[in-house]
Amino acid sequence: MKSILAALLCWISASAIAQNGTIRGTVIDDASGETIVGAYAIIPGTSYGTMTDLDGQFNLSVPPGTYTLQINYISYASMSIEGVVVRFGEVTLLENIRMKESSVQLVTVVVTAEAVRTSEVAILSMKKKSAVMMDGISSAQIRKAGDATAVEAAKRVTGVSIEDGKYVYVRGLGDRYSKTTLNQVDIPGLDPDRNSLQMDIFPTNLIDNIVVSKNFMAELPADFTGGLLNVETKDFPEKKIFNVSIGVSFNPQMHFNSDFLTYEGGATDFLGFDDGTRALPGLARSQAMPTPFSGASPDEVNRFVRSFNPQLGARRQMSFLDYSAGISFGNQKVLGSDDDPESTRPRLGYIFSASYRTDYKFYDDVIYGEYQREIDPDITELRYATIQQGQLGERNVLVGLLGGVAYKTQFNKIRLTAMRLQNGESRAGQFRIDNDGAAVGQSGYIAESDNLEYNQRSLSNLLLHGSHVLRDSGWEIDWRISPTISTSDDPDIRRTAFTLTAVDTSFIAGAGGNPSRIWRSLSEVNAVAKVDAVRNYRFRGREARFKTGFNQLYKAREYEILFFDIQFFGGQSWPTNDPNLVLSPEYIFPNSPNRIYYQSGNPNPNPNAYESNATNTAFYVSNEMNLTSRLRTVLGLRAEYFVQRHTGRDQRYASGDFVNGRRLDNEKVLEALDLFPSVNFIYSATEEQNVRFSYTRTIARPSFKELSYAQILDPITNRIFNGSLFTYSDWDGNLTETRIDNLDLRWELFQERGQIFSVSAFFKRFDNPIELVRIPEQQTSTEFQPRNVGDGMLAGIELEVRKSLGFITPALENLSVNSNITIVHSQIDMTDREFNARKLFEKTGQTVTNTRQMAGQSPVVVNAGLLYTADSLGIEAGLFYNVKGRTLYIVGSGLYSDVFFEPFHSLNLSFSKKLGKNRNSAIDFRVNNILADRIETFYQSFDASPQPFSSINPGRAFSIGFSHSF
Amino acid sequence: MNKLHVLPAMLIAALVALSSCNKDEEETDPTPTPTPSGTVVVNQNISQNTTWTSNNVYQLGGRITVLSGATLTIEPGTIIKGEAGTGANATALLIARGGKLVADGTAEAPIIFTSVADEIKPADIDAGNFGSPNLDPTVNGLWGGVIILGRAPISASSNNGDVSEVQIEGIPTSDSNGLYGGNEAADNSGTIRYVSIRHGGANIGAGNEINGLTLGGVGSGTIIEHVEVVANQDDGIEWFGGTVNVSNVVVWNAGDDAIDTDQSWDGTLNNFVVVAATGHSFELDGPEGSYQAGQTIQNGTVVASAGGRVCEDLINVDNNSIVDLSNIHFTAIVEGQRLNNVTAAGVTFTNITFDVEPANLGTYVNGAVPAGITAGGSSQANTSVLGWTWAAQSGGLDGL
């Protein structure tokens, strides 16, 4: 700390005397794409010279002028960069100086400064020589494409698909087998129903790069199987940045639409959090919640009911456009005295970024359906039990703040980054509910429902990160400590459904239900500490590398649902069916006719609250070496000791039955020490071609929610999630991890200017996969439980091509295709229970077999892009198509058929143009969902027309953005 | 190399410190609520033979189950009160398959299931005042209800009868005591006589409530007669298959349907009065499996509206329903109420009378008026045996 203070003082004095200009650059090994530490950057014939630091970067202060810069490094061909113009007080940036290993023919390479500036972005060469099969996108590429959030950026990565507009999956594997890290550390997902993190909360101006690893390596966490997506935030700007951007987006179906549904929120909704408008009234938590029979006076009951927000109905109000704005600035300063040698002077970098976004979405035809099979084997068509159809309005606010400082000497760097994301989503819906009494377990009714919801999420992350190069011993050390606190709250979910009968309109508990409200809260703490050490050495004269590291993770979650419903102390009488009149003072207890009071659905202790925590201690070793000049091998072994504990109780215990009820008090629900080997061979057939082979073992662990006693009712769809700890006649309550063996084979061909062609084949075997299973015993409501199902496997191939069309005719030089296709065959061996349940509903002409596709696994993922790039004009344009094949979403059972995701054909167009003399302004234009496809899931059964499980129409959106760098 | 050893050690120390921050949870055990003397709070399932005596009031602290092999005997004149709650917090008395309830009251000393909000005392029973001293007969949803499950056949959703057990409505599937159905037609779940169930029907989720009296797969060895259900938020009595016969019934102010049958209940409902349900007066569904059986519903009177409460329709059957309806009189019919679906092949009507003008009879039937349904008529129930009920004592059955 002291030295940083001293450094700050020096910085101030140093700035005062700055009269020179600065050359900054990054030196990269052309073959491996890795940065070179300790290379010399000199201006021949002068005394100006310095050395690259641990990031491969150098900083050279020289008087204004035009120079030839020379880069030297042992065993590499020297490089002369001509025409480096240095202006007074400005930074001349050479981001991408690529050095080639020297050969007899090659002594000195001469290039121009202009050539260095425009050369390709580093990610592709990282990919070429990386030991892991990876793909990625850099901030420069994101900028070029004009992506606003990490989701849009991640979409461009090979094999990636997006679900619900915010979740990123790799190779079509479901959520369970994907993982997201931030700056290489675990952070909690904000949605308790998901394993992966939603990516739409990261504005792109905070992102340095996004890298997807498709196979496991010992230094990576073992709990991913499809892909590990890492988002690296920015740390050290190469030069002063001061960037502002604004954008608007227009969707003709959703915006300036006077039918838009909303409801009155709080004064701070526009900042993404609730100001207390939706807070739970204080007495509601109390054991002595005032009710007509709790001993409270009628006046106390009346006041208590009035302490709830009386707004129960959605209202129509014209929607506005989506709009966004962002600002980021940063710089680096050279500290120390001007008399010190350039390479020894420490540098301080800082960055700050803020972004704001508000989106309006209006879905004018939303469908949620419950369908059943007929008992008669000759009737194949499905029949409905409940259809909810209506409209839904959403307003989504996202605020992101990121600040960081980094301090760097030649061989040491320490950075501190703090990030805060705040997201508030307000939803209002109106639905007509048609329940068919002739369906099994249903009583039959028509209801009209108003649903008001608010979800606020926050994520606060701190990262302390150090890296050190120990020159003498050859070790490189990287350590990170990162605590994260995240919350996700749903304050005051309100559902008010009038049941309409032939004779009147009222609330019927046995039909549309009584008005209810729910408060849901989740908070999670993650703390990660890790250290990685790398030593480069030579094995039989060839480069080799040994890695080892230690990683400790602690995470803990608290979750609670509180449920309240309106009761009528006696009969009901309503002049209209306006939900906003329900809580009028004249209807509140003790006032007749409706005498409204609130009843608590929350026993104490609450069975719908739990606390879980987990620790994961990991250690690994890995060795990479060249066996021959063409064959490289990486062998690694990772050990993880994982313990998960749960505190919770079932309903029996909560209702006071301490004998038969079950309760866990911070007890272990999962404990295992696993070894994860990783075996990789990379054969470089030629300089441009690799053949890769790998075998790895990975794991997928049940989530906190899955290993719990939680019974979570979704108030809108009336679907219930049961934690796996509950036992059934065919389920013992012991949910275990899924262990996966992975085999990968890939051939890749690299061509100049980032062109690539690759073919991969992969095979995975799943031991005890977990899937969400429909509980057949329950026929009135829809209940699911996560269970280990029969063993599974999948086999797939993946094709990637990134190719300029210049080979057809030079006129097409600026056009390129960037496409990838993944085709997967997956198979689950059904348990006897599942097979028998399916067999019972076998239709005439149908043959039920005992295998099926894996839930969540898409059979096909296609990403196709056609890009036009004209650097001379500053134009970048692209047409992108993305689709995922029909995917099993919910495993059906007996009466209930399987539910599948229908392919969503997403076709998007983007165009951006740099403006101004220095090209420091940019304008971009985009059209999303050009085909105006719907996002739908369907019940599918033998020889039956598909019937909707859910269906929404995202519409077509046009957006325009403007950014300027000062 | 030194640094290399020091750094991880520091990190481990930091992590251990973090991990030990692991919160000590202060989970408060539910504090026993102070109860009036003579009140016995029941919080645990009943696993051995137990008798509840009329000098006490029994307070249900949760969903109390009489487990298989156990018999709960309730003396005549005993009052049972369910604690308040909804959803997971709802209280109920559940008789699991193999368990028995012997609640054998008398016309002079009926057994009363009600809410803790009800101030009724044993002394009131002794004095012959069976109504609630403080709650209106329309107040519902204060607690769950009485659920009796047996091993008699049900027609559940399967094409060959292999799925012979399913989970009863209102009980989450995580409680396996909620399973019912089997192959023992003569199964005996005990005796329920002179029992009044009031103010229940707590909500579990939309369309998923607890009926006043739920009978799931209850066998013919069970005796159920002289039963009253008052102000239940869901249905009055609902049968899910089974073979039990039920007689001398009053369903008053049901929040949903009054008489609800599903899954081929193969029994008879004889002599009953239904007053002012909010849903269907009769919601009679057909088999859901290949097992086909039906019921007989006879000798009853339905008051279709009273005190501002109006039932949604008169009789609602599905296309595959199997039921013989005879000697039933509907009175206080209002405009809009109808007999639905008259074309179901398995449904027969004998001497069903609507208290409406003969010329208007057609407007109260959805479709052509079937044989057996006429205008006019008079009360069919024998109310003389129902005099013990709260409905009768408060004058609710006057004139029937």
Within 29 Å of the chain's Cα centre (by Cα) and facing another protein chain (nearest Cβ under 8 Å): which single residue out of A:Ala614, A:Ala609, A:Ala556 fits that description? A:Ala556
Among the candidates A:Ser906, A:Ser897, single out the residue that is hydroxyl-bearing (Ser, Thr, Tyr) and either within 22 Å of the chain's Cα centre (by Cα) or more than 14 Å from chain B (Cβ to nearest Cβ) (or both). A:Ser906
Of all residues in the stretch A:323-355, which are buried (at least 20 other Cβ atoms within 10 Å of the Cβ) and of a type in the set (Phe, Trp, Tyr)? none
Output yes when any residue across the stretch B:77-95 is of a type outside the set (Lys, Arg), part of a loop (DSSP other than H, G, I, E, B), under 19 Å from B:Asn49 (Cα atoms) and free of Cβ contacts under 8 Å to residues at least 60 places away in the same chain, and no when none is. yes
Against the conditions (1) more than 21 Å from A:Lys155 (Cβ to Cβ); (2) in contact (Cβ under 8 Å) with a residue 12 or more places away in the chain, where does A:Ala864 fall short? Just the number, please. (1)
B:Asn129 being surrounded by fewer than 19 Cβ atoms within 10 Å (Cβ to Cβ) and either away from every other protein chain (no Cβ under 14 Å) or over 17 Å from the mean Cα position of the chain (by Cα) (or both): yes
The stretch B:90-109, residues that are among the β-branched types (Val, Ile, Thr) and within 14 Å of chain A (Cβ to nearest Cβ): B:Thr91
Output the residues belonging to the stretch A:681-714 that are more than 25 Å from the chain's Cα centre (by Cα) and surrounded by 24 or more Cβ atoms within 10 Å (Cβ to Cβ). A:Tyr709
Those residues of the stretch A:293-321 which are within 14 Å of another protein chain (Cβ to nearest Cβ) and either without any contact (Cβ under 8 Å) to a residue 24 or more places away in the chain or over 13 Å from A:Ile566 (Cβ atoms) (or both) amount to A:Phe293, A:Ser294, A:Gly295, A:Ala296, A:Pro298
Exclusive hit being without any contact (Cβ under 8 Å) to a residue 40 or more places away in the chain and either surrounded by fewer than 20 Cβ atoms within 10 Å (Cβ to Cβ) or under 28 Å from A:Gln778 (Cα atoms) (or both), set A:Asp450, A:Asp472, A:Asp436: A:Asp472
Based on what the data block shows, is A:Arg495 in contact with a Lys or Arg (Cβ under 6 Å, 6 or more places away or on another chain), charged (D, E, K, R) and crowded, with 20+ Cβ neighbours inside 10 Å? no
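For (1) at the interface with another protein chain (Cβ under 9 Å from one of its Cβ atoms); (2) modelled with pLDDT of 95 or more; (3) farther than 30 Å from A:Ala556 by Cβ, each residue gets a yes or a no:
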{"site": "B:Leu18", "(1), (2), (3)": "yes, no, no"}
{"site": "B:Glu27", "(1), (2), (3)": "yes, no, no"}
{"site": "B:Gln44", "(1), (2), (3)": "yes, no, yes"}
{"site": "B:Ala70", "(1), (2), (3)": "no, yes, yes"}
{"site": "B:Ala84", "(1), (2), (3)": "yes, no, yes"}
{"site": "B:Ala88", "(1), (2), (3)": "yes, no, no"}
{"site": "B:Ile111", "(1), (2), (3)": "no, yes, yes"}
Consider A:Gly266 against the criteria (1) touching a residue at least 40 places away in the same chain (Cβ under 8 Å); (2) over 27 Å from the mean Cα position of the chain (by Cα): it satisfies all of them except one. Which criterion is unmet? (1)
Could you count how many residues in the stretch A:486-535 are within 11 Å of chain B (Cβ to nearest Cβ), touching a helix residue (DSSP H, G or I) at 6+ places or on another chain (Cβ under 8 Å) and not β-branched (Val, Ile, Thr)? 5
Within the stretch A:666-695, how many residues turn out to be of a type in the set (D, E, K, R), at pLDDT below 90 and part of a strand (DSSP E or B)? 0
Residues that are touching a residue at least 60 places away in the same chain (Cβ under 8 Å) and either hydrophobic (A, V, I, L, M, F, W, C) or away from chain B (no Cβ under 14 Å) (or both): list the strands (runs of 3 or more DSSP E) wholly contained in the stretch A:699-800 that include at least 2 such residues. A:711-714, A:719-722, A:738-751, A:755-767, A:770-774
Name the strands (runs of 3 or more DSSP E) wholly inside the stretch B:175-230 in which the number of residues that are within 14 Å of chain A (Cβ to nearest Cβ) and of a type in the set (Val, Ile, Thr) is 2 or more. B:223-230
Give just the number: which of (1) surrounded by fewer than 16 Cβ atoms within 10 Å (Cβ to Cβ); (2) within 23 Å of A:Arg357 (Cα to Cα); (3) of a type in the set (Gly, Ala, Ser) does A:Ser249 not satisfy? (1)
Which numbered condition trips up A:Ala870, out of (1) within 18 Å of A:Arg926 (Cα to Cα); (2) in contact with a His (Cβ under 8 Å, 6 or more places away or on another chain)? (2)
Being within 11 Å of another protein chain (Cβ to nearest Cβ), closer than 20 Å to A:Glu394 by Cα and part of a strand (DSSP E or B) narrows it down to one residue among A:Ser458, A:Ser449, A:Ser426; which is it? A:Ser449
Where the second residue is part of a strand (DSSP E or B) and surrounded by 21 or more Cβ atoms within 10 Å (Cβ to Cβ) and the first is within 12 Å of chain B (Cβ to nearest Cβ) and small (Gly, Ala, Ser) and lies in the stretch A:367-385, which pairs have Cβ atoms under 6 Å and are six or more apart or on separate chains? A:Ala385/A:Glu370; A:Ala385/A:Gln372
Being part of a strand (DSSP E or B) and within 14 Å of chain B (Cβ to nearest Cβ), is that true of even one residue in the stretch A:392-410? no
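The values are calculated or read from the model by the stated rules, or taken from the named source; none is laboratory data. All figures in this text were calculated on a predicted structure; none of them were measured in a lab. Cβ coordinates were reconstructed from backbone atoms using ideal geometry, including for glycine residues, and neighbour counts include every protein chain displayed.
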